[in-house]
Each structure stands twice: as C-alpha cells, then as structure tokens.
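Here is the structure we will look at.
The values are calculated or read from the model by the stated rules, or taken from the named source; none is laboratory data. This is a predicted model, so every value here is computed, not measured. Neighbour counts are summed over all protein chains in view; Cβ atoms, including those assigned to glycine, are modelled from backbone coordinates with ideal geometry. For the accessible areas, the whole protein counts, side chains as well, though only heavy atoms, and no ligand, DNA or RNA atoms are used. Shrake-Rupley method; radii C 1.70, N 1.55, O 1.52, S 1.80 Å.
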Amino acid sequence: MVNFKKLFAVIGADILIAASIIGLFAYDALVSPQSANPITVIPTETREFGLPDTPGKNPSNQTLTPSATALTPDSTPTPAPTQVYTDNYSASDLTELGYTVLTEKRYDESPFKRVVTQLVDDTGDGARFIISRVEIPGSDDDIITYYVVDLFVNRVTNILTNVAVNSDGELSKDDVAAQAEKVGAKLAISGDYFRNSKIGYIVRNGMLYRDVASKNDYCILKTDGSLVCVDGTSFEAMKDLYIDGAWQCWAFGPTLLTESGNVILNNTGFNINGGRYHSIDITNNGIQNKHPRSAIGYIDDGHYILVLVDGRSEGYSSGASLIELSQIMYDEGCKSAYNLDGGRSAVLWYDGVIVNMPYKDGREISDIIYIKEGGSGK
C-alpha cells in the first residue's frame, strides 16, 4: 500500500529544491548578468562646448614614444618633457600652454609641495587633453607620484567607455591596453571594474547594463556636461532625476569631495559603508589606506580631470589615501570628484604606451574610459 504522507513529503522536497535552483539562476541573471546586450537608455540632447585654443605645438613638440612596456620611474619620454610648474615658479614664469591648464588649479593654496612636468598635449577634432606627471616629495615610503589628464571635449559623448566581451558576446575582462587598442583609442584609463561586483546602477555610453540597488556612491556623467556624485540611498529616492540624460554611470566610489566641493579631511566623511566596498558581508579591506588610485573629476562643462596615482613602490610612489586623493582632486581644480577602481587595476594608457607603473603589471578588468583617435565619439 502506498504511503501517501511519505510520497507527498518527497514530492514537496523535490519542488523546494527545484524552486531553489530556479531562484539561484534567476538571481544570477538579474544580479550578475552575463549577457553583454544591455537595455538602451535614450540620452537627452547633448550640449556642445568650445575647446580651448591650442597654442601651437608643445614648446619642444614632445610626445611619449610608443612602446609596449611601461615607463620606468627614471625613464624619460623622447624628446624630454617640459617642466611647467614648481612651487618656486610664479604664473608669469609659466609657458602659455602650462598657464592654460594651471589657471584652474589650486596648487598655491595646497598643503602639498609638488613638481608638475608636462608630458603630452594632444588635440583632435572633438577633444584636447594634456597629460602631466606630478610629484609630491616625501620620505621613501611617503612619496606620491601621479598623472593628471586635463581633458577638454566639445561634447560629453566624446568621453567613451568600453565593456570587454568574449567571442560569444558575454561580459568578460581584458587589460587596459588591449581594450584601448581594440576600440581605436588615443587615451584610456581604467574604469570601475563593475564585473567584479553584483550591485549598482551601471550605464556605459548611454546603455544600461545593470540596475541593482546599492548604498555605495554613484558618479553620473550627463549629456548636459555635468558630473554628479550621489550616495546610493539618495539615488534610489530620485532615480528618474539622476538617470535623465545619463551617458555614463559608475558604481565604485566613494565620492571624493564634500557637497560644497571641499576636501574631505576625515575617513568618516567617505561613504564606505563600514566594509569592503563591493560586498556587504566582508569587513574592512583598507580602502581608506594608501593605494594606487584612479579617479575622475569635474572642473566645468566640457573640462574634466582624470587622475592615476601610482603606489606600493617605495622610493617612487607610495600611493594615496582617500584623504590624500581628496586633496589631490581639489588641488586639480575639481568641483566634484569620484574614486574609480585602483590597486592593480589602475592603468593610464596613451597612444601605445602604458604611461604609469601599474602595480604587478596591472590586471584584466571589465571596462575602461577612453578618448578615440581624433577625439570624436559617437
């Protein structure tokens, strides 16, 4: 005789197991999408901006010599770069090119001493960028060396991002140089490595890749030229407002300046949620400490800042804490600024050259920020 109680119990258990498996697949599909086919976000009309006049070529027509290897601390691009700022120079001593950039800076009021060496001035039909190396002296374990890109575009859509995909069109990862060369970039920097996380609202080139609530800070680059930094709670409460006209949206963080655009002087001022930045179940990963960094900042509509801080290399660059990075972005003239993925991910690439010294030669990541050859985007 059939024992119906046992039979129903077995059937019930099988149903629960099947539901759990289906639930796991559904969760993975929603939270960690493997497809690279995103939902389209239609941006609002893109504003156009004028590019600053280009004062001819560099004083010595300098460019970085293309190479497959990274520049070492004592290597020098050919021909030699021009130093455009030290603390002993006044504005009247600067070259016309250096003055164009440095009028926006707050170096003279900074607690940091620094020497700035211009490496590149490159102008296309839709963008101009000036790359400089900045050295903040200190003891061997406290030197900070970073690279700053003053980026001018005539429209925000010239600031592009690439998402790495494999041969099947699935989300993947690749190193910065390989991604840059694949998309025909002239300049590229590491993004937020969003594939390494399962949370956040992710937009790339006006396309939505993920929409999963996060308490982390967001950085939204809009087609009207603004760069908005906001915490996840505020973002969710007014999402329609923030995503209107979103061209890029990064979900790493934290935000590096106060709401009024000032330096954050204490770690409690950063939204790091008391734990590892991309996970709610792992405690302190030392994101506040000195590390290699990458960051993006906003000076004015059409004028943006990209910063790459080298680190973990005694005698060359220790890296920057969040407080130090906040000060750096303020000194560079930013009104808003945002921390992107750092550590081994932090790489700056220009015209075939890895400009900085990536920690352990860098690593493969999911995405980059780049400017195309010629400067124009979509």
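A few points about this structure:
- ASP140/ASP224 FRET efficiency (R0 45 Å; Cβ-Cβ; nearest 0.05): 0.50
- Greater than 22 Å apart at Cα, pairs in LYS113/LYS290; LYS186/LYS335; LYS105/LYS360; LYS198/LYS360; LYS290/LYS372: LYS186/LYS335; LYS105/LYS360; LYS198/LYS360; LYS290/LYS372
- Calculated FRET efficiency for the pair GLU181/ARG312, C-beta based, R₀ 25 Å, to 0.05: 0.45
- Report note on the peptides 113-124, 161-172, 365-376, 336-347: ranked by the mean count of other C-beta atoms within 10 Å, highest first, their order is 336-347, 365-376, 113-124, 161-172.
- Just the protein heavy atoms count here, and of the accessible area of region 289-340 at 1.4 Å, carbon and sulfur take up 44 percent.
- Rounded, prolate or oblate (a/c below 1.5 giving rounded, otherwise prolate when a/b exceeds b/c) for region 317-378 by Cα gyration tensor: oblate
- Fraction of accessible area attributable to carbon and sulfur, region 199-273 (%, probe 1.4 Å): 52
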